[in-house]
Every structure is written in structure tokens, then in C-alpha cells.
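Q: For reference, the structure I am asking about is given below.
Taken together, the values in this text are just the output of simple stated rules run on the coordinates, not laboratory data. Keep in mind the model is a prediction, meaning the values are calculated, not measured. Because the Cβ atoms are built from the backbone with ideal geometry, glycine has one as well, and the counts that use them run over all protein chains shown.
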Amino acid sequence: MAYLTRIPAGRIFGFCSRSISSPIKNPFVSSTPSHVPSPKFTITAQFSSSPSPSSSSSAATNTQVFSSSNRWRPMCLYYTQGKCTQLDDPSHLEKFNHDCSRDLQVNPTHIKKKCSQDMDFLLVIDLEGKVEILEFPVLLMDAKSMRFVDFFHRFVRPTKMSELAINRYIEGKYGEIGVDRVWHDTAEPFTEVIQQFEAWLSQHDLWEKEKGGCLTRAAFVTCGNWDLKTKVPQQCQVSGIKLPPYFKEWINLKDVYLNFYGREARGMMSMMKQLEIPSLGCHHLGIDDSKNIARVLQRMLADGALMQITARRNPASQKVEFLFENRIEHPVRRRQA
């Protein structure tokens, strides 16, 4: 099962991860607007002394807190999908993290600008896969406390591609970072992933099919409009299912960032750079990108940003209506205008 055996361990994650032995401090940049508080906001990357809020992670967390190492480690991608069989193996626990909350702990002691939010929970989602969806990660964050609550993560097997095409697709997408084996071992069809996701939403009382199928007290947070405006509807069509109602509105964090800070950031990495938040993990590995987006979200909440719906699909026409006048547009559309 250990996917580090395919290529040297130094190559895997070595080029895309950051080793951490102390809390990550994210000092405000000199250009920070006046409405951002002056005290430093701290995101800690360390083991928790209490079990992870995730319902499936208690056993791993209890084992992990006794680890002798406090360095940053990549997530066990079998564990995130509920399929890790090495939770009693000390060497495995030394190599991989089994506590998704570890990189998302916050110390709110000096936060003075946090404002009241209109919703209770925020679902950070960052899909991977341009032809068909290959990875479906969602992080559940408490909008009031800014704390991590739970996660849902699945690798997704394409519906309309041949095995040869899938193998080439996965080797190009995940081969370089050494997670192609875990993808092949765990990937499930999109229709099954959606069923599992809806059960997970119901477990957290965020969704009821009988009440119209929209989210309850929660909203998706994306980095751009592509995930829910384009990719999910395309995948639903390919997979032969209707677009679930809960995917019909979302918060594009880039637009909220632009209106709150008054400066443009065209992606996750540029937002993190401007806010001086070090990136963790592998860029374009969905579960890692989701955590980095969540860390930007935590910082914005601490600075006093109000999270509001930025895009909504019209139930009648199915066209997407953008609710912010000042927003980040695609470079091609902007040039054509």
C-alpha cells in the first residue's frame, strides 16, 4: 500500500513541501489596508493534543500525538479516503500525517476584527482534473470560530475514458509526485463519490434532499469559478446525473479578496504570497490545495472579511449570475471586452 516505494522518497513531496518544526507566523505585509488589525495572526502547523474532529480520524490521531517528530509530513492519501491499513505501523506514522486539522489550527488570541458571518459553515473545495474530475476534496470549516471541522476526500475514476487513456492521464497528473498508485487503488466513479458526499453532508446536518437539496447554513468556497460553474456541471452530464442543487451557488474567494483588500490576486499562490502565508504540500494535489485555500480563508476571516455568495446559477435559465460588480474575470474575456 505504501506509495513511496515506487520512486525514491526524496523525490516524492521533496520538491513541493515545506518542513516545519515551529508555528508558522504570517506577519502582515507593509501594504496591508488600515482595516486589517496590526497584531500578527498565527496559523500553527503541529500535532493536536486532542482527537481530530473528523469522525473517522480518532484512532489515527491518538496514535500520532505520541510520534517523536513534529516536522511537516504529507497526508496519508489512503487514510483520507478511509482505506489506510497501517495505523499500527510506527514507521508509516513517522512518514505520513493522519490528522487533517494539523495544518489548520489557529490561535485567535490577537484577532480583533473578526466580523459576524451570515452562515455557520464554509466548504472549501478544489477539484482536480481537466478532462474529467480526478480528485474531489472538501474541507468543512466553522465560519464563526475559523476552525477546521471535518474533511471529505475521494479520488475519482473517469466515466468515458479507456483504461489506456486513464493510465496516461494519471501518470501525467499524479506520477511526478508519486501518488498515482494510491489513485489507482482507491478511485471510484463520480456517481458513487456524490452519493458518499451527500451522506457526509447529511451527517453534518448541512443538506436534506427532502427540503430541496440546497445547503443548510453553509456555502462552498472556491478559488475561482471553474470548479462549480464549469467542471461539476460537465462531469454530471458525462456521468448521466442531474446537477445537484447544492452546487448552484458559491463564494469565489478571489472576488471577496479583491473587494476586501482592494488588490487583485489571480490565484491561490498569489493570495498566499501577498498575505505572507507559506504554502504547504504539493500544488495541484487537491487535498493540499484545499488546505492552503482554507488557510487563506482563515486569514481573511481573522482580518474581518465577510463571506458572501458571489455567484449563483439561475434555476430557470441555468445561467450563472455574478453578484459582485468588482470581480476577477478570465484574462481572455477581459481582453475581448
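Q: What fraction of the Cα pairs in the range 74-124, stated in percent, has a spacing above 12 angstrom?
A: I get 74 percent for the Cα pairs in the range 74-124 exceeding 12 Å.
Q: Same structure, new question: Note the full-extension length gain between Ala316 and Leu164 as 0.36 nm times their separation in residues minus their Cα-Cα distance, in nm to one decimal.
A: Computed gain between Ala316 and Leu164 is 50.7 nm.
Q: On to the next question. Inverting the mean 1/r over all pairs of different Cα atoms, compute the Kirkwood radius of the range 147-284 and quote it in Å.
A: Radius from the Kirkwood sum: 17.4 Å.
Q: Note down the nm distance, to one decimal, between modelled labels 7 Å out along Cα→Cβ at Gln196 and at Trp226.
A: Simple spin-label model gives 2.4 nm for this pair.
Q: Holding the Cα-Cα limit at 30 Å, pick out from Lys83/Lys130; Lys113/Lys211; Lys114/Lys254; Lys83/Lys273; Lys95/Lys242 the pairs that are longer than that. Show your work: numbers first, answer last.
A: Working: Lys83/Lys130 26 Å; Lys113/Lys211 35 Å; Lys114/Lys254 19 Å; Lys83/Lys273 35 Å; Lys95/Lys242 41 Å.
In this structure, Lys113/Lys211; Lys83/Lys273; Lys95/Lys242 lie more than 30 Å apart at Cα.
Q: When the chain is fully extended, how far beyond the present Cα-Cα distance does Leu323 get from Met119, taking 0.36 nm per residue of separation?
A: 71.7 nm
Q: Something else about it: What distance in nm separates the two pseudo spin-label positions at Cys214 and Ser270, each 7 Å out from Cα along the beta-carbon direction?
A: Distance between label points: 3.2 nm.
Q: Using the basic label-point model (7 angstrom from Cα toward the beta carbon), what is the Glu188 to Asp89 distance in nanometres?
A: 2.3
Q: Can you run phi through the Karplus equation (6.51, -1.76, 1.60; θ = phi - 60°) for the range 128-134 and list ³J(HN,Hα) in whole Hz, with x for Gly and Pro?
A: 10, x, 8, 6, 9, 5, 10
Q: If you bin the C-alpha pair distances of the range 139-204 every 10 Å from 0, what whole percents do you get?
A: All Cα pairs considered, the percentages come to 18, 38, 28, 15, 2.
Q: May I pose another question? Taking 0.36 nm per residue of sequence separation and subtracting the Cα-Cα distance, how much length would be gained by fully extending the chain between Gln203 and Gln237, in nm to one decimal?
A: Net length gain for the segment: 9.6 nm.
Q: Follow-up question, since we're still on this one. Taking the range 219-264 as the region of interest, what is the percent of Cα-Cα pairs per 10 angstrom bin, listed from the shortest bin to the one with the maximum distance?
A: The percentages, shortest bin first, are 27, 43, 21, 8, 0.
Q: Another question about this same structure. For a quick check: with amide H placed at 1.01 Å from N, whose amide H comes under 5 Å from Val320's, ignoring anything fewer than 5 positions away on the same chain?
A: Here Asn314 satisfy the definition.
Q: Further question: Using packing as a proxy for protection, rank 182-195, 305-318 so that the peptide with the highest average count of other Cβ atoms within 10 Å comes first.
A: Per-residue mean Cβ counts within 10 Å order the peptides as 182-195, 305-318.
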